[in-house]
Amino acid sequence: MDEVTESALKPLKEAGFEGVETTHICSEAEAAQGRAVAEKMGMRIHSVLRGWMEFNSTDPQKVTDSLEKTRMALRAARAYGADAILLVPCRIGGMPM
């Protein structure tokens, strides 16, 4: 799920889900608003998907960017009330996805 809105959560709630994972990395204020929407509906944001990081890159800027993106995901997760973030810490070059 991307942005946490009532319209995005409603079909999931109707399908019986009590919680969701979001891919929406945003400010802490926006994440807190998403948390409030989920809680109002009796749901929770249990995790944040950050995705592929490049902690093993030979390019120092890619490592720095990966660290900052991870920090952003952690701050958003805290504001969402999530227990975890999901990230893949490294990429392996030359392998098809």
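If only one of 37, 63 is hydrophobic (A, V, I, L, M, F, W, C), more than 15 Å from residue 78 (Cβ to Cβ) and surrounded by fewer than 16 Cβ atoms within 10 Å (Cβ to Cβ), which one is it?
63
Out of 12, 49, 74, report the one residue that is open to solvent by 80 Å² or more (accessible area, probe 1.4 Å) and touching a strand residue (DSSP E or B) at 6+ places or on another chain (Cβ under 9 Å).
74 is the lone residue from the list that is open to solvent by 80 Å² or more (accessible area, probe 1.4 Å) and touching a strand residue (DSSP E or B) at 6+ places or on another chain (Cβ under 9 Å).
It is to be established whether one or more residues within the stretch 81-97 are free of Cβ contacts under 8 Å to residues at least 12 places away in the same chain, out of contact with any Leu (no Cβ under 8 Å at 6 or more places or on another chain) and either within 13 Å of residue 4 (Cα to Cα) or open to solvent by less than 40 Å² (accessible area, probe 1.4 Å) (or both).
Among the residues of the stretch 81-97, not one is free of Cβ contacts under 8 Å to residues at least 12 places away in the same chain, out of contact with any Leu (no Cβ under 8 Å at 6 or more places or on another chain) and either within 13 Å of residue 4 (Cα to Cα) or open to solvent by less than 40 Å² (accessible area, probe 1.4 Å) (or both), which makes the answer no.
Any chance the stretch 41-59 includes a residue that's out of contact with any Ser or Thr (no Cβ under 9 Å at 6 or more places or on another chain) and part of a helix (DSSP H, G or I)?
Within the stretch 41-59, none of the residues are out of contact with any Ser or Thr (no Cβ under 9 Å at 6 or more places or on another chain) and part of a helix (DSSP H, G or I).
Being under 13 Å from the mean Cα position of the chain (by Cα), of a type in the set (Asp, Glu) and at pLDDT below 95, is that true of even one residue in the stretch 54-77?
no
The values are calculated or read from the model by the stated rules, or taken from the named source; none is laboratory data. Since the structure is predicted, the reported quantities are computational estimates derived from the model, not experimental observations. No Cβ is skipped: glycine too gets one built from the backbone with ideal geometry, and neighbour counts run over all protein chains shown. Just so you know, the surface numbers come from the protein's heavy atoms only, side chains and all, with ligands and any DNA or RNA stripped out. Shrake-Rupley method; radii C 1.70, N 1.55, O 1.52, S 1.80 Å.
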